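Structure record follows, encoded as structure tokens.
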Amino acid sequence: MSKTFNIYCDESCHIKNDHKRYMLLGCVSSAYNQVKRHSQRITDLKEKHHFYGEIKWSNVSNSQIKFYKDLIDYFFDTDLRFRAVVVDKTKLKNDEFDQDYDDFYYKMYYYLLNHKKNSLYNYNVYLDIKDTLSAYKVSKLKDILNIKFGVFRNVQNIRSHESLIMQLCDLIMGALSYNLNDNNKKVTAKMQLVEQIKNHAKQELNGTSNYEESKLNLFFIDLK
């Protein structure tokens with residue numbers, strides 16, 4: 001029986017002119033039959049810490065730091081996996097490649113999601129509905145992703161509050177983006193989470209991971 005994986009995607013600083021140097025596309029993946037288990041465990045953590053809101057990097061504060069630390073620990077203690085493609089937007093050369101920003105955006109999603117895919121497995125991809133992708137663009141993304149293996153069974157938008165795993169992706173993505181883009185870092189709780197991720201991952205967060213790294217894989221793409 002073929003295995004199926006769910007992949008929950010998020011983006012940070014992906015707007016062309018947002019005055020942030022690094023754009024990140026990231027995802028957290030889970031075996032399909034483990035999604036309910038992970039969601040329940042995260043719910044249990046929320047109840048333990050009396051956390052009732054949506055998990056978002058923008059909401060990280062000192063008052064809830066214990067919850068967020070436990071959540072990061074949970075990610076590294078489980079079979080959940082994270083991957084991100086990081087782009088230095090100061091090096092974009094879309095004109096030289098006869099492409100617009102949307103074309104470039106799809107290419108980056110291709111690099112993000114077609115990494116080490118097993119042709120015998122199936123994959124469902126979920127993107128946050130807050131993004132500007134229309135139903136047409138989601139369909140186009142599915143076609144582009146399936147050029148190589150044809151393993152992406154479903155690509156669709158959902159709202160972030162519908163998936164705790166997507167919210168976890170937002171948290172990790174936010175930490176990575178904060179580490180790269182915010183030179184005047186002042187929020188103690190956020191810096192603690194960045195350091196916690198760095199210590200768990202046993203790697204710096206400002207460069208490409210070892211190719212074999214599967215738990216937290218970062219790819220800083222070289223735009224030539």
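No lab work stands behind these numbers, since they all come straight from the coordinates. All values reported here derive from a predicted model rather than from experimental measurement. When we count neighbours, we look across all protein chains shown, and the Cβ atoms used for this are built from the backbone with ideal geometry, even at glycine.
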Report summary line: With x for Gly and Pro, the residue-by-residue ³J(HN,Hα) of segment 74-88, computed from phi through the Karplus equation 6.51 cos²θ - 1.76 cosθ + 1.60 at θ = phi - 60° and given in whole Hz, is 4, 4, 6, 8, 10, 8, 4, 10, 10, 9, 9, 9, 10, 10, 7
Report summary line: CD proxy, 222 nm, the chain: helix-only mean residue ellipticity via -39,500 (n - 2.57) per DSSP H run with n ≥ 4, per residue, nearest 500, stands at -12000 deg cm²/dmol
Query raised in the report: Highest mean first, what order results for 71-81, 204-214, 31-41, 164-174 on Cβ atoms within 10 Å?
Result: 164-174, 71-81, 31-41, 204-214
Report summary line: Calc'd 3J(HN,Hα), segment 55-62, phi into Karplus 6.51 cos²θ - 1.76 cosθ + 1.60 (θ = phi - 60°), Hz, glycine/Pro = x, comes to 6, 9, 4, 5, 9, 4, 8, 4
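Checking the a/c ratio against 1.5 first, then a/b against b/c, what shape does the Cα gyration tensor give for segment 23-110? Don't skip to the end; give the middle numbers.
Numbers: a/c = 3.40, a/b = 2.04, b/c = 1.67.
Here segment 23-110 falls in the prolate category.
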Report task. Quick one: dipole size for the chain, taken about the Cα centre, charges +1 on Lys/Arg Cβ and -1 on Asp/Glu Cβ, in debye to the nearest 20. Result -> 360 debye
